[in-house]
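Step one of this worksheet: look at the structure below.
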Amino acid sequence: MRYAETGFNLEVDLSQGSVKRVPTDPKLTELHLGGQGTALRILWDRVPPEVDPLAPENVLIFSAALLHGTPVVGANRTSVSTISPQTGLYVNSLMGGYFGPELKFAGYDKIILTGESPKLVYLWIHNDKVELRDASHLQGKGTRETAAILAKELKDPKVQVAAIGLAGENRVYTASIEHYNSSAARHGVGAVMGSKRLKAIAVRGTKDVNIAHPAELWTISQVKYKEIHENPNAGDPMAHDHNESFHVDNFAWGNARERRKGYWNKEREERWVALWKRIRLRDTSCYNCPKDCHYLISYPGRSTYHLKCFNKLTYTMAAFEEIDFNYDILGLTTEYGLDGFSTPQILAFAMELYQAGILTNEDLPGFPEDNRGRFFYLLDIMVHRKGMIGDALAQGVYRAARIIGRGAEEYDHNTTKKVEQVPLKLGIVNFPFFLMYCTGEKMNITQIEGSFPQAPLKLEKRKKFVENWAAAPERFKKWFMEWEPRQHMPIEASVAACDWNETMHFVDDAIGTCAWLSSFRGQFGGSPPYHIFNLPDYISLATGMDMDSDKLWEIAQRNRNLLRAINVRRGLRRDEEKPPEDHWAIRDPEMEQKHLDAYYEFKGWTMDGIPTKGRLEELGLGDVAEDLIKRGILTGN
Ligand code: MTE
Ligand code: MTE
Ligand code: MTE
Ligand code: W
């Protein structure tokens, strides 16, 4: 008997139109757990580095994670893993909501998609019945519209739908996959789905998931449920906070050069909150979670949509507009299915090019006079890939700059590994963050940061913080206590902090726990509900595996190194590992490179960022080392 997981994947070949239910190897669960962990192994095995991200040979994997469908509270993050058209590297984009648990209840751990359908289709999974169906009636439909049509067509309001909009259909590189209140947003996973001509997946399951020790797991999960409900340090920090001063005063606006210190004031807060009160219908949660991080918005003239986290500010800040603009344009971009981080950056980049005279009225015929009109205009040409400029913008800032030329490259100053970053412009370089930006293979800093605080607190507060810090291994308590304001930590501490941050995300993204209850929330003081010391119990009780903190840490390292091997095989090297140049006003290039050396060494990587044979073998990835040696990427020593 398999516990926690179903033991079956769905293999869908869109070129052939075939669907197979395939048993999985329990050994892979032991090595990688599940979620993006096991997805990494599949991508390593099946997608050679020559494969173009938008070619039929690329594989798109939807993973329900190891603890989905168990009583473990907040285990609901579905991983969407593939090779990104934006970066050409691995991407793990996540969505919450109900999709992963529903997939488990239908009897599957993963949906593995390959090929390219001759016509637009959707996948309907209803327990044992799985079929590809014609989706011509859904062509051009919005993401939420598609979900509503499918719920009606399939005569079940409980079907869980993940869909792309027009952006995905047109293979816009920043296309998202939208599901209920959540989205797998970044790095073009929607474009990959569109390249396979798969409009949507609808899933409905009514089976049980076996649990190794159900009574005990139920008991500790009930306690956790109450604790999470009451814990103010759990859930989205931005969901119920209307004071936006930190973000609007400190983050850059437009195409990432300007900060507007002092923009925030009482009057503005009142105006923004008043509008929010008028258009917010209610708050929503994800599967088996007592927090309400997403809110449903109804803006005049737009269909309703869910909003969360920093997405509530990105368009406003990109366009130098008031908050109503954000609510308005999100109503459209959510239906198109577009990443709310990259897209506003692309539009702001085009605005800058226009202001600089690089783009002219000849390039943009009928370009409106006002900011808002211009953003909507640019959005339209990008999503429909109209003309040379629309087509260029659809490929993201990095590529657009090079396609447009005429000096546009200079305005591409906020990308890392070819992906637009949220325009954070900060003061003095922070070395753990420097390392996360450099070496982070998920590109989203939110998917890497979060266990170790970003800045030292005043001594009294720091003491209290540490007393409360059940999540932290001892060494971090010491380093944090010794970290004085305006000083850097020792190199060793910065390296370890980066490593701890990323490790916890690798744990979450394999077992499916929401980072807002775990890896992302440690930095804010007060222990997060889940951490390296208590998660092993949940895993053991759910799966029957013999798990402890050390083993869990090692699995996260194995997954981390396998990801790195995929990217290294696709050409990633040290020279690409750098944050945007003006991310911090004050940099220290020499120390930065010393940190990078120390990080690589700590990881057991070469000074070019390649995992060594020894390190890979230690982690049970000897065959991965062999492959890298055969390709001449690693030497045999
Ligand atoms: N959970 C996991 N496991 N991994 C993640 O990267 N990101 C967090 C949160 N939970 C994250 C996660 C952040 S910053 C956001 S904004 C939301 O998931 C995204 O929520 P959604 O998928 O519901 O849209
Ligand atoms: N894009 C859309 N369409 N909707 C969203 O809610 N959330 C943003 C960003 N882009 C969001 C979005 C936030 S807050 C985060 S942290 C990232 O997506 C999460 O990236 P991921 O979904 O690729 O994991
Ligand atoms: N970093 C700093 N210094 N301050 C912040 O407030 N917000 C986080 C994260 N990093 C934040 C931060 C949140 S909530 C989000 S959603 C992200 O920045 C978005 O960036 P990403 O695309 O790099 O994940
Ligand atoms: W976020």
Residue within segment 312-329 that is in contact with a helix residue (DSSP H, G or I) (Cβ under 7 Å, 6 or more places away or on another chain), of a type in the set (Lys, Arg), over 19 Å from residue 385 (Cα atoms) and more than 10 Å from ligand 2 (Cβ to nearest atom) present:
no
Going through (1) in a helix (DSSP H, G or I); (2) at pLDDT below 95; (3) under 23 Å from the mean Cα position of the chain (by Cα); (4) more than 16 Å from ligand 4 (Cβ to nearest atom) one by one, residue 510 fails only at (2)
Of the criteria (1) over 18 Å from the mean Cα position of the chain (by Cα); (2) in contact (Cβ under 8 Å) with a residue 40 or more places away in the chain; (3) under 26 Å from residue 93 (Cα atoms), which one residue 340 fails:
(1)
In segment 446-465, the residues that are within 16 Å of ligand 1 (Cβ to nearest atom) and in contact with a Leu (Cβ under 8 Å, 6 or more places away or on another chain)
447
From (1) within 15 Å of ligand 3 (Cβ to nearest atom); (2) free of Cβ contacts under 8 Å to residues at least 12 places away in the same chain; (3) surrounded by 14 or more Cβ atoms within 10 Å (Cβ to Cβ); (4) more than 22 Å from the chain's Cα centre (by Cα), pick out the condition that doesn't hold for residue 250.
(2)
Taking only pairs six or more apart or across chains, which ones have beta-carbon atoms under 7 Å, a first residue in segment 381-395 that is at positive phi, and a second residue that is part of a loop (DSSP other than H, G, I, E, B)?
385/170; 385/394
Could you please let me know if residue 470 is away from ligand 2 (no atom under 16 Å from the Cβ), of a type in the set (Gly, Ala, Ser), in contact (Cβ under 8 Å) with a residue 40 or more places away in the chain and not in a loop (DSSP other than H, G, I, E, B)?
no
For residue 217, which of the numbered conditions (1) under 26 Å from the mean Cα position of the chain (by Cα); (2) more than 16 Å from ligand 4 (Cβ to nearest atom); (3) open to solvent by less than 10 Å² (accessible area, probe 1.4 Å) fails to hold?
(1)
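Working carefully through the options 200, 151, 162, find the one that is of a type outside the set (Phe, Trp, Tyr), surrounded by fewer than 24 Cβ atoms within 10 Å (Cβ to Cβ) and within 25 Å of residue 17 (Cβ to Cβ).
151
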Criterion first (crowded, with 21+ Cβ neighbours inside 10 Å, under 21 Å from the mean Cα position of the chain (by Cα) and in a helix (DSSP H, G or I)) does residue 565 satisfy it?
yes
Among 60, 28, which is open to solvent by 10 Å² or more (accessible area, probe 1.4 Å) and at pLDDT 95 or above?
28
Could you identify the single residue in 313, 338, 332, 275 that is buried (at least 22 other Cβ atoms within 10 Å of the Cβ) and not assigned by TED's automatic domain parsing to the domain that holds residue 193?
338
Being β-branched (Val, Ile, Thr) and within 18 Å of residue 191 (Cβ to Cβ) narrows it down to one of 343, 314, 304, so name that one.
343
With the requirement that a residue be closer than 21 Å to residue 286 by Cα and more than 16 Å from ligand 4 (Cβ to nearest atom), what does segment 330-347 give you?
331, 335, 337
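When you go through 84, 93 one by one, which is the residue that is buried (at least 22 other Cβ atoms within 10 Å of the Cβ), touching a residue at least 60 places away in the same chain (Cβ under 8 Å), away from ligand 4 (no atom under 16 Å from the Cβ) and within 15 Å of residue 190 (Cβ to Cβ)?
Being buried (at least 22 other Cβ atoms within 10 Å of the Cβ), touching a residue at least 60 places away in the same chain (Cβ under 8 Å), away from ligand 4 (no atom under 16 Å from the Cβ) and within 15 Å of residue 190 (Cβ to Cβ) holds for just one of 84, 93, which is 84.
Among the residues of segment 126-148, write down those that are open to solvent by less than 50 Å² (accessible area, probe 1.4 Å), small (Gly, Ala, Ser) and closer than 14 Å to residue 178 by Cα.
Taking segment 126-148 first, the residues open to solvent by less than 50 Å² (accessible area, probe 1.4 Å) are 127, 130, 132, 135, 138, 140, 142-143, 146-147.
If we keep only those that are small (Gly, Ala, Ser) as well, we get 135, 140, 142, 147.
Residues satisfying the conditions are 142, 147.
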Somewhere in segment 320-329, is a residue closer than 14 Å to residue 341 by Cβ, away from ligand 4 (no atom under 14 Å from the Cβ) and in contact with a Pro (Cβ under 6 Å, 6 or more places away or on another chain)?
no
What number of residues in segment 221-247 are open to solvent by less than 30 Å² (accessible area, probe 1.4 Å), at pLDDT 85 or above and either in contact with a Cys (Cβ under 8 Å, 6 or more places away or on another chain) or within 15 Å of ligand 3 (Cβ to nearest atom) (or both)?
6
For segment 539-562, what are the residues that are in a helix (DSSP H, G or I) and either on the phi > 0 side of the Ramachandran plot or within 24 Å of the chain's Cα centre (by Cα) (or both)?
539, 552, 553, 554, 555, 556, 557, 558, 559, 560, 561, 562
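The values are calculated or read from the model by the stated rules, or taken from the named source; none is laboratory data. Predicted model, so just to flag it, every value in this text is computed and none were measured. Cβ coordinates were reconstructed from backbone atoms using ideal geometry, including for glycine residues, and neighbour counts include every protein chain displayed. Heavy atoms of the whole protein, side chains included, go into the accessibility calculation; ligands, DNA and RNA do not. Shrake-Rupley method; radii C 1.70, N 1.55, O 1.52, S 1.80 Å.
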